[in-house]
Amino acid sequence: MAGFVRPAHPEGDSRPRDGCGVFAVFGHVDASAHTALGLHALQHRGQESAGIVSYDNGHFNTHRSLGLVGDIFSSPNVMDRLTGNAAVGHVRYSTTGGTVLRNVQPLFAEFSFGGLAIAHNGNFTNGYSLRRELVKRGSIFQSTTDTEVLIHLMATSSYHAVEDRMIDALRQIEGAYSIVAMTNDTVFGVRDPLGVRPLVIGVLDDSAVLASETCALDIIGAEFVRDVRPGELVVIDAEGLHSVSPFPAARHRFCVFEYIYFARPDSVVEGAGVYEIRKRIGAELAREAPVAADVVVPVPDSGTPAAMGYASEAQIAFDLGITRNHYIGRTFIEPTDQIRHLGVRLKHNANRASIAGRRIVLVDDSIVRGTTSTKIVEMMREAGAAEVHMRIASPPIADSCYYGVDTPEKEKLLASRLNVEEIATAIGVDSLAYLSIDGLYRATAGANRNDEAPQFCDACLSGDYPIRLIDQEDGDIPTQLSLLMEQV
Ligand code: AMP
């Protein structure tokens with residue numbers, strides 16, 4: 001789920017943020033408890049807020065809050081209220097200028113057919129244009145999220161059945177999305193026609209589960225059944241699961257950045273284990289960009305599997321030269337400018353014994369604004385590294401994502417302004433190399449990028465946007481909606 005406003009990244013918080021994670025259960029007595037656990041496993045996809053809506057015998061129960069899943073759903077008072085055999089949940093990383101409770105998902109609305117809860121990972125690229133039309137026709141929006149557009153399109157649809165209304169609404173929407181939704185008797189799951197964002201189906205006893213990633217099935221002991229197919233709408237009710245493909249067939253363009261960074265390494269995404277893929281990426285990087293060094297050091301945690309792959313391919317020792325503090329929450333980093341500035345230091349510290357006097361190869365998954373790399377390289381020098389060589393397990397990120405990954409504006413992406421040599425100077429390394437786009441494709445798709453028909457969405461790396469950016473072409477979105485946000 002994304003908002004319409006281009007992210008206003010706080011100074012010092014240079015990291016792009018993934019939109020969200022979604023989860024749903026149908027037909028289990030402990031639907032909400034399982035949803036809370038599933039969301040906990042998806043916490044890496046969004047740390048700002050979380051919510052669950054359950055359905056129990058005529059009533060929808062909701063709990064949504066800012067904060068982490070473990071904090072929000074640890075209270076028995078909260079969980080006791082979330083009764084029922086069906087539930088949908090969401091973890092969110094705000095992609096709007098501000099975080100407010102009314103934007104926290106799942107969103108819920110009362111329709112002529114009854115209640116509907118909806119949770120969304122992704123971004124509607126014509127969300128603002130649709131919103132403007134809907135507002136002209138009298139719709140009154142409660143949030144600044146693009147997700148709410150779907151609710152209004154469903155409410156004003158001339159179709160009767162919920163499934164038909166949803167299809168009618170989705171056919172008007174362009175963008176990248178994985179959505180789960182729930183009425184009093186049905187759970188829905190749908191992926192955009194290109195399948196940019198992930199969504200999987202699992203079973204737990206006799207109940208059905210939908211989740212952004214398989215790690216959320218593992219945590220509740222659910223069995224992975226299959227990915228929801230691109231453009232597929234699955235409908236789960238008392239009769240079981242049926243599926244429709246309401247969109248014209250399109251070429252599959254799964255987000256390659258899920259493999260590079262987002263997905264948890266223990267997830268199996270689109271048939272491939274993320275951990276294995278990351279190790280393969282590291283091995284490709286070692287073949288493409290070897291360097292004489294004494295030790296390979298990962299930037300934890302996301303650089304670790306690629307660093308292992310690099311070390312093993314290059315036959316160089318692997319060592320944990322950086323320790324990461326896992327107890328640094330965002331709320332701790334954000335409150336004051338002074339503390340924000342310390343961000344990377346709070347999170348990482350050099351393990352001197354592995355660094356001093358050695359020629360090191362630092363491996364990280366990506367460089368976005370360059371803040372992390374600059375500080376880590378400085379830390380390595382201070383710890384006495386003889387040489388610091390940086391190897392990045394992805395091609396340069398030179399373009400923003402409009403499909404649900406909250407990257408900064410293009411101008412703030414280091415690789416949009418500087419070439420590799422200039423970046424090396426800017427971050428202070430002895431040498432720098434990125435994985436090539438073909439190397440990335442060899443490690444993920446098993447073959448070079450097919451430039452005529454690319455196997456993935458790699459817009460952030462190639463500038464090739466497979467879904468029209470209608471709102472961006474339209475312009476003027478940020479001012480209008482950020483004004484609205486300020487009134488909250
Ligand atoms: P930067 O400091 O802006 O160059 O950010 C690069 C760091 O951010 C790398 O260590 C990545 O592991 C990490 N990173 C990449 N993508 C994301 C994301 N979507 N959310 C949070 N961190 C990310």
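The values are calculated or read from the model by the stated rules, or taken from the named source; none is laboratory data. A quick note: this is a predicted structure, and the numbers were derived from the prediction, not measured. Cβ atoms come from the backbone with ideal geometry, glycine included; neighbour counts cover every protein chain shown. Side chains included, ligands, DNA and RNA excluded: accessible areas come from the protein's heavy atoms. Shrake-Rupley method; radii C 1.70, N 1.55, O 1.52, S 1.80 Å.
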(request) With the full set of protein chains in place, find how many percent of the accessible area of segment 276-451 is carbon and sulfur; take the probe as 1.4 Å. (result) 50
(message) Give me, ordered by chain and number, the residues 5 or more places off Phe111 or on other chains with an amide H under 5 Å from its own placed amide H.
(response) Leu116
(request) Taking amide H positions as placed in the peptide plane 1.01 Å from N, state which residues far from Asp365 in sequence (5 or more) or on other chains have amide H under 5 Å from it. (result) Gly303, Ala393
(request) At 1.4 Å probe size, with no ligands or nucleic acids counted, give the accessible surface of Thr323 in Å², nearest ten. (result) 80
(request) List the lysines whose Cα lies under 30 Å from the Cα of Lys279, skipping any in the same chain that are fewer than 8 positions away. (result) Lys347, Lys375, Lys410, Lys412
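Given Cα pairs under 8 Å that are at least 6 residues apart, what percent is the relative contact order of segment 17-253? Intermediate values should be presented prior to the final figure.
On the way: 596 pairs, mean separation 48.8, N = 237.
Across segment 17-253, relative contact order equals 21 percent.
If you wrap the chain's Cα atoms in a convex hull and average its projection over all directions, what's the area in nm²? Walk me through the numbers on the way to the answer.
Details: hull surface 88.1 nm².
With the hull built on Cα positions only, its mean projection is 22.0 nm².
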(request) For every helix of n ≥ 4 consecutive DSSP H residues, a contribution of -39,500 (n - 2.57) applies; sum these over the chain, divide by its total residues, and give [θ] at 222 nm rounded to the nearest 500 deg cm²/dmol. (result) -8000 deg cm²/dmol
(message) If I model segment 17-253 as equal point scatterers sitting on the Cα atoms and use the Debye formula, what is log10 I(q)/I(0) at q = 0.17, 0.18 Å⁻¹?
(response) -1.26, -1.43
(request) Take segment 198-279, drop everything but the C-alpha atoms, weight them equally and run the Debye formula without solvent; then report log10 I(q)/I(0) at 0.16, 0.22 Å⁻¹ to two decimals. (result) -0.66, -1.07
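Can you tell me the FRET efficiency between Asn419 and Ser312 if r is taken as the Cβ-Cβ distance and R0 is 25 Å, rounded to the nearest 0.05? Let's see the in-between values first.
On the way: r = 30 Å, r/R0 = 1.20.
Once rounded, the FRET efficiency stands at 0.25.
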(message) Using the Karplus curve 6.51 cos²θ - 1.76 cosθ + 1.60 with θ = phi - 60°, what ³J(HN,Hα) values do you get for each residue of segment 412-427, in whole Hz, with x for Gly and Pro?
(response) 8, 7, 3, 6, 7, 10, 10, 8, 4, 4, 5, 5, 4, 5, 4, 8
(request) Would you be so kind as to identify which of Leu194, Asn184, Val104 lies farthest towards the positive end of the dipole of the chain, taking Lys and Arg as +1 and Asp and Glu as -1 on Cβ and the Cα centre as origin? (result) Val104
(request) Output ³J(HN,Hα) for segment 291-300: one whole-Hz value per residue in order, computed from phi by the Karplus curve 6.51 cos²θ - 1.76 cosθ + 1.60 with θ = phi - 60°, and x for Gly and Pro. (result) 7, 6, 7, 9, 8, 9, 10, x, 8, x
(message) Counting other C-beta atoms within 10 Å, and keeping those with at most 12, which DSSP coil chymotrypsin sites (Phe, Trp or Tyr not before Pro) do you find in segment 296-331?
(response) Tyr327
(message) Output wanted: per-residue J couplings in Hz (rounded whole) for segment 252-261, from phi through Karplus 6.51 cos²θ - 1.76 cosθ + 1.60, θ = phi - 60°, x for Gly and Pro.
(response) 5, 9, 4, 5, 6, 6, 4, 6, 5, 9
(message) Sort 69-80, 22-33 by the packing proxy (mean of other Cβ within 10 Å over each peptide's residues), most packed first.
(response) 22-33, 69-80
(request) Name the long-range amide H neighbours of Val296: under 5 Å, sequence gap of 5 or more, or other chain; modelled H, no Pro or chain starts. (result) Ala317, Phe318, Asp319, Val361
(message) Can you say what percent of the DSSP beta bridges in the chain, counting only those with both residues inside, are antiparallel? Round to 5.
(response) 80
